[in-house]
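Novice: Quick one: structure below, then a few questions.
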Amino acid sequence: MQKAKHGNMRHLLEEIQGLEKQVAAMLRRAEKRFLFSILDGKVAFDPKMKKAHKAHRLGNWSYLRSTPFIQLAAALVVYAFVVPALILDGAAYAYQALVFPVFNIDKVKRSDYISFDRGKLLYLNHIERFNCDYCAYVNGLMAYICEMAARSEQFFCPIRHAIKTLGLNQRHNYFLPYGDAANYRADLLKLQRQLRKRA
């Protein structure tokens, strides 16, 4: 009975992954009207679209004049977060470099999580592009670290929580049932093997 439930859950999770892929494909099809392509990992716009983008750009000074002073002042607090973000980035790099090889865990590829492609949008002025790059860096960094933490959790303690919390990583649904003492050791080894680097 327990195995049947486990099989049904895996089937549902596979269906969810399939639906997520369908949504991503639909979004890509919808974006085709904006005439851009991705070549060797870089965004390229059709020349006509570039010209149209520039026509919609608000100049830097106009942008600053139209922004309320309180928002400009608050931006200083936002930008100040770059210091702890850089420290966190360095700490995450060191953690992965030192810990993952010891346990033979496949490393998280940083470039899969941080992308500065919004700088190609010519309807954004220099300030807006800087803001977009800043957001891309900080949010990408958090996603990169979350995946690193998720792989660590899968290796060291892949047990689902009994008390549900928000923001659980995507691997959590594949973790071991809370309270399943009989299968814990064998299933733990299976989940650890999934993280091993392919030789």
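The values are calculated or read from the model by the stated rules, or taken from the named source; none is laboratory data. All values derive from a computational prediction rather than experimental measurement. Positions of Cβ are backbone-derived with ideal geometry, glycine not excepted, and every protein chain shown enters the neighbour counts.
Novice: Mind counting the residues in region 116-173 that are within 17 Å of the chain's Cα centre (by Cα) and modelled with pLDDT under 90?
Specialist: Selection size over region 116-173: 9.
Novice: Turning to a different aspect of this structure: Can you name the helices (runs of 4 or more DSSP H) wholly within region 49-132 that have at least 1 residues being surrounded by 15 or more Cβ atoms within 10 Å (Cβ to Cβ) and in the same structural domain as Glu147 (by TED's automatic domain parsing)? Walk me through it before giving the result.
Specialist: Working: elements: 60-66, 69-80, 82-103.
So the answer is 60-66, 82-103.
Novice: Within region 134-163, work out how many residues are within 15 Å of Leu86 (Cβ to Cβ) and touching a helix residue (DSSP H, G or I) at 6+ places or on another chain (Cβ under 8 Å).
Specialist: 7
Novice: Another question about this same structure. Could you grab me the full set of residues in region 173-199 that are under 21 Å from Val99 (Cα atoms) and assigned to a helix (DSSP H, G or I)?
Specialist: Within region 173-199, Leu188, Leu189, Lys190, Leu191, Gln192, Arg193, Gln194 qualify.
Novice: Select from region 8-47 the residues that are modelled with pLDDT of 70 or more and among the basic types (Lys, Arg) and write down the one among them that is farthest from Gly119 (Cα to Cα).
Specialist: Here the answer is Arg10.
Novice: Mind checking which pairs have a first residue in region 161-174 that is outside the structural domain of Ile16 (by TED's automatic domain parsing) and under 12 Å from Arg151 (Cα atoms) and a second that is aliphatic (A, V, I, L, M) and surrounded by 10 or more Cβ atoms within 10 Å (Cβ to Cβ), Cβ under 6 Å, 6 or more apart or different chains?
Specialist: That search, which allows pairs on different chains as well, returns Asn169/Ala150; Arg171/Ala150.
Novice: For region 100-133, how many residues are in contact with a helix residue (DSSP H, G or I) (Cβ under 7 Å, 6 or more places away or on another chain) and more than 19 Å from Ala55 (Cβ to Cβ)?
Specialist: Looking only at that region, the number is 11.
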